[in-house]
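The values are calculated or read from the model by the stated rules, or taken from the named source; none is laboratory data. The structure presented is a predicted model; accordingly, all values stated were derived computationally and were not measured. Here the Cβ positions follow ideal geometry from the backbone for every residue, glycine too, while neighbour counts run over all protein chains shown. The protein model used for the area step is the full one, side chains on, heavy atoms only, and it has no ligands, DNA or RNA in it. Shrake-Rupley method; radii C 1.70, N 1.55, O 1.52, S 1.80 Å.
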Amino acid sequence: MVPIDITSWSLVAQWMLSFGIGLAFGAVLESAGFGDSRRLSAQFYLRDMTVLKVMFGGIITAATLIFLTSSLGWLDFPSVFVNHTYLSSQVVGGLIMGVGFIVGGFCPGTSLVAASTLKIDGVVFLMGVAAGLFAFGETVPAFEAFYESGNQGRFTIGDWLAIDNGWALVGVVALALAMFYGGEIAEAMVGRGQAWSDVSLVPRNRWKNAAAATVVGLALFTAWRGQPDAADRWQVVAPQAQVQLTERAVYAHPLEIVQLKQNPGLYVHVLDVRPEHSFNLFHLKGAWHTPLETFDDPAFYRQLVGLPPNTVLIVMGQAEQEATAAWKRLQAERVPNAYIAEGGYNAWWALFPPESCLAESLPGADPVVERATWRFTSAIGARSYAAHPDCGCVEQDITCGDEAHASGRGEHPALPAALFTPKVKVKTGPTRTGGCS
């Protein structure tokens, strides 16, 4: 199944593949006339709509092939990298780029094409791009908050409209064909100076009509088949994921979790899958309450994908059964750096027992069953040393009768000196990129 993971290839092979794709893409742009600034800027004056036709033609061709093959089970779409949507900054950036496109006649990609054929205007524009990149890199800290604002994560039209991506494809194809039709009329009237009465409103090119009908038919077929659901996506990753579960390669020891939370170079988030009442009784400091039904919400995964690449997710239940079920959903959605808390809260309490005045151990309780091995006298949330042994301080005192407990003031118990095998290996994904191509 595609896409093919090339991260295991040598660096030379990866660079050669990237160079080959870039060279082919540049050749296509040049053959389409995108190395001519006059043709590029003519689209804004409705004289020559070649840019619109080529770019939207490429968009609907790629989108149709992507979602068609995804619906047939040939392509694993969650593995395809999609640039994150930063709504606010991208709208402003698009306007700035549009003005530059009109004034200079190029976008960054097409200026490189023109410069490669030694066109003077392309070389000058490319020099301006380089100067702009340098200025941006030197000044971005001044407006970084705005630059990162409006982050929607991996956000598609289907996510926005809450519809299957196949039907979103049908809408995009219909919009593109309408723009092609309008572009043909604009070229005839503005570009060639034809009167309205002389413009043919009925498309007569048989090849273009056949191509349009084919794309519409494929889009409708894709929408009819629908995209793979969570169960289908899990079947794709199940062979490798089951091996990880069997070998317990994704179960992080409680002490490893403590070490991870102490690492300033990582963002560690605990996803607590227990019911709300259990979460209120006790939870790790900073844990996110994410019951199992949360993993059925597409918006939840957009939130996770939008996290920094150096983020580690620890799924934690009362024991391991429910956390493992949630981890499987994360794997099906290709959420990186997700692990399971070994033994869940029952194993955590065995190493970091809550204060005796707040809870009591239940003798004979089975730690591998999804039932608490401790009984709490009240809902303490994260107001316990056991909730954050990585911290060394407590924001709120805990009172046992008339006296403040030692975990709120004074020294904390030393961390247990237990041996464990580290399991967490942080993998960083693709970084945010930009450009018109």
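Here are some notes:
- Under 5 Å between amide hydrogens, built in the peptide plane, is the criterion, and for Val80 it picks out nothing among residues at least 5 positions away or on other chains.
- Rounded to the nearest 10 degrees, the inclination of helix 206-225 to the longest alpha-carbon principal axis of the chain is 10 degrees.
- Fully extended contour minus Cα-Cα distance, from Gln242 to Met127, at 0.36 nm per residue: 36.2 nm
- For the chain, the dipole from Cβ point charges (+1 on Lys and Arg, -1 on Asp and Glu) about the Cα centre works out to 1620 debye, to the nearest 20.
- The chain: angle of helix 120-139 to the longest principal axis, Cα-based, in degrees nearest 10: 20
- Overall form of the chain per C-alpha gyration tensor (a/c, 1.5; a/b vs b/c): prolate
- For the range 291-338: rounded, prolate or oblate by the Cα gyration tensor [a/c cutoff 1.5]: oblate
- Close amide H contacts of Val268 (hydrogens built in the peptide plane, cut-off under 5 Å, sequence separation of 5 or more or a different chain): Val312.
- Between Gly26, Gly132, Gly166, the Gaussian network model of the chain with springs among Cα atoms under 10 angstrom shows the greatest mean-square fluctuation at Gly132.
- For the range 191-275: accessible area per residue (Å², 1.4 Å): 61
- Accessible surface of the chain [probe 1.4 Å, protein heavy atoms]: carbon and sulfur percent: 63
- Packing-based ranking, highest mean first, of 268-275, 183-190 given that Cβ atoms within 10 Å are counted: 268-275, 183-190
- Computed from phi, the 3J(HN,Hα) profile of the range 228-238 under the Karplus parametrisation 6.51, -1.76, 1.60 (θ = phi - 60°) reads x, 8, 4, 5, 5, 5, 5, 4, 5, 9, 4 Hz, with x in place of Gly and Pro.
- Taken about its Cα centre, the range 66-179 carries a charge dipole of about 260 debye when Lys and Arg each add +1 at the Cβ and Asp and Glu each add -1 at the Cβ.
- In plain terms, the chain from Thr139 to Ile66 could stretch by 22.5 nm, reckoned as 0.36 nm per residue minus the Cα-Cα distance.
- Rounded, prolate or oblate (a/c below 1.5 giving rounded, otherwise prolate when a/b exceeds b/c) for the range 55-114 by Cα gyration tensor: prolate
- Neighbourhood net charge (13 Å Cβ-Cβ; Lys/Arg +1, Asp/Glu -1) for Asn310: +2
- Accessible solvent surface per residue of the range 4-103, calculated while the other protein chains remain in place, 1.4 angstrom probe, Å²: 59
- Remark: the range 89-103, residue by residue, has Karplus-estimated 3J(HN,Hα) of 5, 6, 5, 5, x, x, 5, 4, 5, x, 4, x, 4, 5, 6 Hz, where x stands for each Gly or Pro and the curve is 6.51 cos²θ - 1.76 cosθ + 1.60 at θ = phi - 60°.
- For the chain, the 222 nm mean residue ellipticity estimated from helices alone, with every DSSP H stretch of n ≥ 4 adding -39500 (n - 2.57) and the total spread over all residues, rounds to -15000 deg cm²/dmol.
- Net charge of neighbours whose Cβ lies under 15 Å from the Cβ of Trp234, counting Lys and Arg as +1 and Asp and Glu as -1: -1
- When DSSP beta bridges are restricted to pairs lying wholly in the chain, around 30% turn out antiparallel.
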